[in-house]
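A short write-up of the structure that comes next.
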2 protein chains.
Amino acid sequence: MNIGEVAERSGIPTKTIRYYEDIGFLHPKRNENGYRIFEETELHKLTFIGRARSLGFNIEECRALLALYEDKERGSSDVKKIAQQHVKEIEAKIADLIAMRDTLTHLITACAGDHRPDCPILDNLSNGKREQG
Amino acid sequence: MNIGEVAERSGIPTKTIRYYEDIGFLHPKRNENGYRIFEETELHKLTFIGRARSLGFNIEECRALLALYEDKERGSSDVKKIAQQHVKEIEAKIADLIAMRDTLTHLITACAGDHRPDCPILDNLSNGKREQG
DNA sequence: CTAAGGGTTCCAGCGACTGGAAGGTCAAGA
DNA sequence: TCTTGACCTTCCAGTCGCTGGAACCCTTAG
């Protein structure tokens, strides 16, 4: 399989696949003209990484998951730990974003939004009276 | 005021303040030894930017807000528009993160987390059966 | 013979900083 | 006066996870 087909089948752009090779996720062989040749297992790996990334795991977490995936002796508790830690981080982000949104919607509600210059949003940013938190 | 004091009072690191000067947010004067001299208004600007950033506005949005803030003739509807657009983006991010979290917690629940190698999390990443969405 | 459509490498840029090196300046203390 | 240390300066490189582009090679079809 050439890189284009792998890209198509995995849904990961060729640029990204080459990048993943750079950072050691893959080690595709080359044929005599220098083209990368991918096996099915490599395609699987890529798909695996793609899914993990779409779940918000960062590259290092993907690396860890990949290592666990390839280690037939691993216990599932290791994977569970990574996933749980990741859920914690996601929840922290969600909380941050909700706080932001609530503050902003509150300010927006208070803002007339007409042509007059009074603007609670700017006032808040300027004076720093926290609406929340 | 030297940069250190501004950093202290605004809560923004000196590195970041210099960066903000680079990208045209500030134009502090210099004294004869080359040190930046900040006025109170500059401190206000920095605090303003800091708050906007902490609300998740990106640099360009901050630039727009700053321009509106400094334009005494502006109508508040412009500001409101930016804020509303921003809320939309925040809500999209929240939705994404909630979907991620739900998928993951679902998988975690299904994962025994013991020393046995069966692991629904890895299975899911590998086989790509979407638990959600 | 040429053109299109693969593939290759390498370098640079995104956003928003952050770290570090190498050096200039200033105030206090011995 | 000298030294120490804290502060300031500039500039360059790195972060993360790609992404774009240039310049080039390979293959196939017309």
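Per-structure values
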| item | result |
| --- | --- |
| Carbon and sulfur %, accessible surface of the protein assembly as shown computed with the full protein complex present, 1.4 Å | 48 percent |
| Extension gain from A:E8 to A:H115, taking 0.36 nm per residue of separation minus the Cα-Cα distance | 33.4 nm |
| Inter-chain shielding of B:101-107 (mean C-beta neighbours from other protein chains, 10 Å cut-off) | 5 |
| Residue with peak Gaussian network fluctuation, chain A [Cα springs, cutoff 10 Å], from A:R53, A:R116, A:R36 | A:R116 |
| Rounded to 10°, Cα long-axis angle of helix B:40-54 versus longest principal axis of chain B | 10 degrees |
| Degrees separating the helix A:59-70 axis from the principal Cα axis of chain A, which is the longest one | 40 degrees |
| Angle in degrees between helix B:76-110 and the longest Cα principal axis of chain B, rounded to the nearest 10 | 30 degrees |
| Total charge dipole magnitude, the range A:75-133, about the Cα centre, Cβ charges on Lys, Arg, Asp, Glu only, Debye to nearest 20 | 240 debye |
| Under 26 Å, Cα to Cα: Lys pairs in the range A:4-133, sequence gap 8 or more or different chains | 14 |
| Alpha-carbon centroid distance for the pair the range A:3-40 / the range B:1-71, whole angstrom | 45 Å |
| Under-5 Å amide H pairs with A:I37, H placed in peptide plane, nonlocal only | A:K29, A:R30, A:N31 |
| Per residue accessible area in Å² of the protein assembly as shown, where ligands, DNA and RNA are left out and the probe is 1.4 Å | 56 Å² |
| Equivalent ellipsoid, the range B:1-74 (semi-axes from 5 times Cα gyration tensor eigenvalues, Å) | 21, 14, 11 |
| Share of alpha-carbon pairs per 5 Å distance bin for the range A:75-133, given as whole % | 4, 16, 17, 14, 11, 8, 8, 7, 6, 4, 3, 1, 0 |
| Top of A:E42, A:E32, A:E89 by mean-square fluctuation, Gaussian network on chain A, Cα under 10 Å | A:E32 |
| FRET efficiency, A:M1 to B:K29 (Cβ-Cβ, R0 41 Å, nearest 0.05) | 0.10 |
| Check: the protein assembly as shown dipole with +1 on Lys, Arg Cβ and -1 on Asp, Glu Cβ, in debye | 20 debye |
| Cβ-placed point charges (K, R +1; D, E -1), dipole of chain B about Cα centre in debye, nearest 20 | 100 debye |
| As computed over the protein assembly as shown, the Cα convex hull volume per residue (Å³) | 200 Å³ |
| Computed helical MRE - 222 nm, chain A, DSSP H runs ≥ 4 contributing -39500 (n - 2.57), nearest 500 | -21500 deg cm²/dmol |
| GNM result for chain A, Cα springs below 10 Å: residue of A:I59, A:I94, A:I17 fluctuating most strongly | A:I94 |
| Label point 7 Å beyond Cα of B:H44 along Cβ direction - residues of the range A:85-112 with amide nitrogen under 17 Å | none |
| Distribution of pairwise C-alpha distances over chain B, 10 Å bins, in % | 10, 28, 19, 15, 16, 10, 2, 0 |
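The values are calculated or read from the model by the stated rules, or taken from the named source; none is laboratory data. What you are looking at is a predicted structure, and each value in this text was computed from that prediction instead of being measured. Positions of Cβ are generated from backbone atoms using ideal geometry, with glycine treated the same way; all protein chains shown enter the neighbour counts. Keep in mind that these areas ignore ligands, DNA and RNA; they rest on the heavy atoms of the full protein, side chains included. Shrake-Rupley method; radii C 1.70, N 1.55, O 1.52, S 1.80 Å.
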